[in-house]
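Below: one structure, written as structure tokens.
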Amino acid sequence: YQRRVRETTSSEMSVFAEPHWGPYYKQSHLDFRAMVRAFVEEEMMPYVDEWDLAGTYPRELHEKAYAAGVYGSMWPKEYGGTPPDGSDAFHDLIYNDELSRAGAGGVLASAFFSFSIGLPPVIDHGSQYLKDLVVRDVICGKKIMALAISEPSAGSDVAGIRSTAELRSDGKGWIVNGEKKWITSGMKADFYTAAVKTDPSSRGAKGISLLLIPSKSEGVKTRRLATQGWRSSNTAFIAFDDVFVPRANLIGQENQGFRYIMWNFNHERWALAVQASRMARVCLHSSAEYCQQRKTFSKRLGDHQVIRHKIADMARLCDATHALVEAITFRIDHESIQDLGGPIALLKVQATRCMETCAREGSQIFGGSSYLLEGRGATVERLYREVRVMAIGGGSEEIMYDLAMRQCKL
């Protein structure tokens, strides 16, 4: 597989451009990888710098990605999905890995990732009415969806949400009040999968439900949040002010929303780990190429031992992280992902720590060029700003450590 990967790559690569691929891949994986890579190189890489500076991306990217066979590739055929033959967890790995090669987490999160965490509750637990209402249009890129859980007072502490949904006296629906914060794709979304308290008398995780809330509903107000990284992610603050939500928009059973949210987390964290692993390698590859071309003190930057050692340290971390990504992915194919919360939590920490080191060392290697939003160091500069959201989003390092150790009954 490693040899075939290199043979099908259009651009010239350093030895660090690709990981040491394991023995898990078949021709269908290679074909799928080539398709996603072609889309990324043609429709994303030439524009990500511009999109990051503009703080957004064109809405038509969703439908372009669907037409290319990329956007719907991880979804069921009955709802318009275009999965590859024999689709498995390693196709999902390739999907996240290749999209991350663009080195732009903001557009990846908003255009390709937010609906992958907002839509599963509807597919897995929603009524046929809700599925018919949104699933096909979202998968085909015609509508945009976001997950609205975090609040000003409840980030990792999901059970601490305060947004309420009070059943109207006629029983036809709920009146929703509250605030949501850090909602990726919140400014562009047509629908929110929102967590609300339907039983305020219950404490903690009890009494939480999921509602599908159209963004154009009366009483929904959004405000763009200025973020350190992911600048094209359209991250929003959302206020619900006496928003009426029909009873038919309840996702699954009333007061069971916390369980549905937890069901979703493991895949989200695994995908973030895959993305962080590739973004770390983007920093490694970019730095290795740069230090072979840049000259300082009358010799190549790479001829300085201290620089070679930085590259070696980055390569060591990237290779170890990728090996762990593949090992966990293999387990996902052979076990229930719901039983892998602890291993996935530690994988996420490993991957984001790897990305943090590679972004920092890459910045040191590029020097002043990595401080600019243009030129050869621009990608490393952007990924340096995106480290924190990768390490905190989906569950902070501290929460991940504690989750893993609790599952080990320590």
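Each value in this text was obtained by applying a stated rule to the coordinates, not by laboratory testing. These numbers come from a predicted model, not from an experiment. Don't worry about glycine lacking a Cβ; one is built from the backbone with ideal geometry, like all the others, and counts go over all protein chains shown.
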Subject >> the chain, dipole about Cα centre (Lys/Arg Cβ +1, Asp/Glu Cβ -1), debye to the nearest 20 >> reply: 640 debye
Subject >> Extension gain from His309 to Asp170, taking 0.36 nm per residue of separation minus the Cα-Cα distance >> reply: 43.1 nm
**OP:** Using only the Cα atoms of segment 205-327, each taken as one equal point scatterer with no solvent, compute I(q) by the Debye sum, divide by I(0), and report log10 of the ratio at q = 0.09, 0.11 Å⁻¹.
**Re:** -0.53, -0.68
Subject >> Selection from Ala327, Leu373, Tyr79, by position along the positive dipole direction of the chain (Cβ) >> reply: Leu373
Subject >> Part-to-part distance (alpha-carbon centres) for segment 304-371 and segment 242-298, which is given in Å >> reply: 14 Å
**OP:** Rounded to the nearest 10 degrees, what's the angle between the helix 305-334 long axis and the longest principal axis of the chain, both from Cα atoms, 0 to 90?
**Re:** 40 degrees
Original post:
How high is the relative contact order of the chain, in percent, with contacts defined as C-alpha pairs under 8 Å that are six or more residues apart?
Top reply: 16 percent
Original post:
Using alpha carbons only, how many degrees (0 to 90, rounded to 10) separate the axis of helix 378-392 from the longest principal axis of the chain?
Top reply: 40 degrees
Original post:
When you count, for each residue, the other Cβ atoms within 10 Å and take the mean per peptide, how do 221-233, 333-345 rank with the highest first?
Top reply: 221-233, 333-345
Subject >> Mean shadow area of segment 41-194 over all directions, Cα convex hull, nm² >> reply: 10.7 nm²
Original post:
Angle, helix 397-407 long axis vs. longest principal axis of the chain, Cα atoms, 0 to 90°, nearest 10?
Top reply: 70 degrees
Subject >> Quotient of C-alpha Rg and 2.2 N^0.38 Å, computed over segment 164-266 >> reply: 1.09
Original post:
Under a GNM of the chain (C-alpha, springs under 10 Å), which listed residue has the highest mean-square fluctuation: Gly126, Gly171, Gly302?
Top reply: Gly171
Original post:
Around Lys181, which amide H atoms from residues at least 5 apart in sequence, or from another chain, sit under 5 Å from its own amide H, with H modelled in the peptide plane?
Top reply: Ser150, Glu151, Ile238
Original post:
From the list (1) 135; (2) 153; (3) 205, can you say which value of volume of the Cα convex hull per residue in Å³ was derived from the structure given?
Top reply: (1)
